[in-house]
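See below for the structure under consideration.
The values are calculated or read from the model by the stated rules, or taken from the named source; none is laboratory data. Please read these numbers as outputs of a predicted model, since none were measured by experiment. Reconstructed Cβ throughout: ideal geometry from the backbone, glycine too, with neighbour counts over all protein chains shown. Each accessible area value is taken on the protein alone, full model and side chains, heavy atoms only, with ligands, DNA and RNA left out. Shrake-Rupley method; radii C 1.70, N 1.55, O 1.52, S 1.80 Å.
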Amino acid sequence: MLEHLGVQSVRLDLPFRLNHVNCFLAEGENGWTVIDTGLHNEQTASRWEKELAGKDVTNILLTHYHPDHFGYAGQLQQKTGAKLAMTQIDEQAAQMAWDMDFLNTLAENYKVAAIPEDIAGQMIENTKAFVPRVTPYPAVHHHFEEGEKVVIGRYVYEVIFTPGHSDGLITFYNKEQRVLFSTDHILPKITPNISYWFHGDPNPLATYLASLEKMKKLDAELVIPSHGRPFYGANDRIDEIMAHHEQRLDQTLTAVGKSSRVYDVCQKLFPKELTIHETRFAIGETLSHLEYLRAKGELGRHTQDGQWVYLK
C-alpha cells in the first residue's frame with residue numbers, strides 16, 4: 001500500500017501487549033530517511049542492520065519521545081551519522097523522563113495517587129528498566145516547527161503539531177494525496193493512551209481532543225499509523241475516538257461517586273488484571289480524565305493525608 005508513496009514500513013516487535021511499532025524508511029535525493037526507531041534492544045538493532053544494509057541514512061525523524069519511537073535513535077545515529085529532528089518539547093521531555101532526579105520523584109507522585117506501596121515500587125522499577133532501552137540519547141540537529149515541509153519518499157509533507165499523546169507529538173500530512181502519517185495520534189483499533197504524569201501539560205485530554213478537531217479539518221483519506229495497519233477515513237475514526245472518551249468521562253464520573261482517590265477510580269475503570277507496565281498507563285489515563293473533569297468544573301479536588309481526593 002505504501003509503495004506508491006516511496007515509503008517502506010518497518011514493523012518492529014515490542015515486548016508488550018501492544019506488540020509492535022511501525023517505523024518507516026524512505027529514499028531521498030541524498031540518502032535515506034528513517035522515521036522512528038523502536039526500542040534499543042538486540043532485536044531492534046539486528047532488524048535495522050538488515051533493513052539498512054547498503055543504505056546511506058542521512059536523516060532520522062522522530063515523531064515523539066516515547067521509548068518505542070525514540071529508544072534506538074541515539075544508537076542508530078551513532079552507527080549512521082545521520083542528522084536527527086524532533087520537537088523541542090519532546091526532546092526536553094526525553095531528557096527528563098529517565099533522569100534520576102525525576103525518577104526519584106515518582107514515589108511521591110504515586111503516593112499522591114494513593115497507589116499501594118508495593119505496586120508503586122514495581123511501577124518505579126518498571127520505569128527505571130527503560131533506561132537502557134532509550135540510551136544513548138541522540139543529538140538533535142533540528143527542532144520541528146508547525147507547518148514546515150519535509151520530504152518523505154516521493155512527496156512533500158507538512159509537519160502538524162498534534163499534542164495529547166505526548167506534549168510534542170507531530171504528524172505528517174500531504175494535502176494533494178490526502179495522506180496522513182498519524183503516528184500515535186490516530187490509531188485504527190485502539191485509542192492512544194492519553195496520560196497525565198504530574199508534569200507537562202496539566203490537561204492532556206483537552207489538548208488531545210482539540211488536536212483531533214484540528215486534524216478533522218484536514219479530512220485525511222489514507223491514514224498510516226504507528227500501530228496497526230493503514231486505513232481509510234481519518235474523520236470516521238476521529239469520531240469513534242471522541243465518542244470513546246465521552247463514554248470514559250461518564251464512567252469516570254460514576255466511578256468517583258461522591259469522592260474517590262485516583263487508584264480507586266483506576267481500579268473501577270480498568271477492572272481487568274493488568275501488568276505493572278499497563279498499570280502505569282492506566283493510572284496516567286485515569287488522571288487525565290479526572291483532571292479534564294476538574295478543569296470543566298464537574299469535579300473538585302483536595303489533598304488528604306498527602307493523597308488527591310476527587311469529589312463531586
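If you take every DSSP beta bridge fully contained in the stretch 7-166, what fraction is antiparallel? Give it as a percent rounded to 5.
In the stretch 7-166, approximately 60 percent of DSSP beta bridges are antiparallel ones.
Among S226, S166, S260, which one shows the biggest mean-square fluctuation in a GNM of the chain, springs joining Cα atoms closer than 10 Å?
Looking only at S226, S166, S260, the largest GNM fluctuation is found for S260.
Where a ≥ b ≥ c are the square roots of the eigenvalues of the C-alpha gyration tensor, would you call the stretch 238-288 rounded, which needs a/c under 1.5, or, failing that, prolate if a/b is larger than b/c, or oblate?
It is oblate, given that a/c is not under 1.5 and a/b is not larger than b/c.
Which GluC sites (Glu not before Pro) in the stretch 21-87 pass both tests, a DSSP loop state and at most 10 other beta-carbon atoms within 10 Å?
E29
Just going by the charge dipole of the stretch 1-59, with Lys and Arg at +1 and Asp and Glu at -1 on Cβ, which of A53, G28, L12 is farthest out on the positive end?
Highest projection toward the positive end goes to L12.
Please report the carbon-and-sulfur percent of the accessible area for the stretch 164-312; probe 1.4 Å, protein heavy atoms only, DNA, RNA and ligands left out.
48 percent
Checking the cross-link filter: which lysines have an alpha carbon closer than 18 Å to that of K55, excluding same-chain neighbours under 8 positions apart?
List returned: K79, K83.
Tell me the GluC sites (Glu not before Pro) within the stretch 182-283 that lie in a loop according to DSSP and have at most 16 other beta-carbon atoms within 10 Å.
Answer by residue number: E221, E273.
Expressed as a rounded percentage, what relative contact order does the chain have, with Cα pairs under 8 Å and six or more residues apart?
15 percent
Hey, got a sec? Which GluC sites (Glu not before Pro) in the stretch 90-149 land in a DSSP loop and have at most 16 other Cβ atoms within 10 Å?
Answer in residue order: E145, E146, E148.
Which FRET efficiency, nearest 0.05, do H302 and L103 yield, Cβ-Cβ r, R0 25 Å?
0.35
With n ≥ 4 as the cut-off for DSSP H runs, can you work out [θ] at 222 nm for the chain, using -39500 (n - 2.57) per run divided by the number of residues, rounded to the nearest 500?
So the helix-based figure for the chain works out to -11500 deg cm²/dmol.
Where Rh is the Kirkwood radius over the Cα pairs of the chain, the temperature 4 °C and the viscosity 1.567 mPa s, what D in µm²/s does Stokes-Einstein return?
Here the translational diffusion coefficient equals 64 µm²/s.
Kindly identify the stretch 122-259 as rounded, prolate or oblate by the Cα gyration tensor criterion: order the square roots of the eigenvalues as a ≥ b ≥ c, call it rounded if a/c is under 1.5, otherwise compare a/b with b/c, prolate if a/b is larger, else oblate.
oblate
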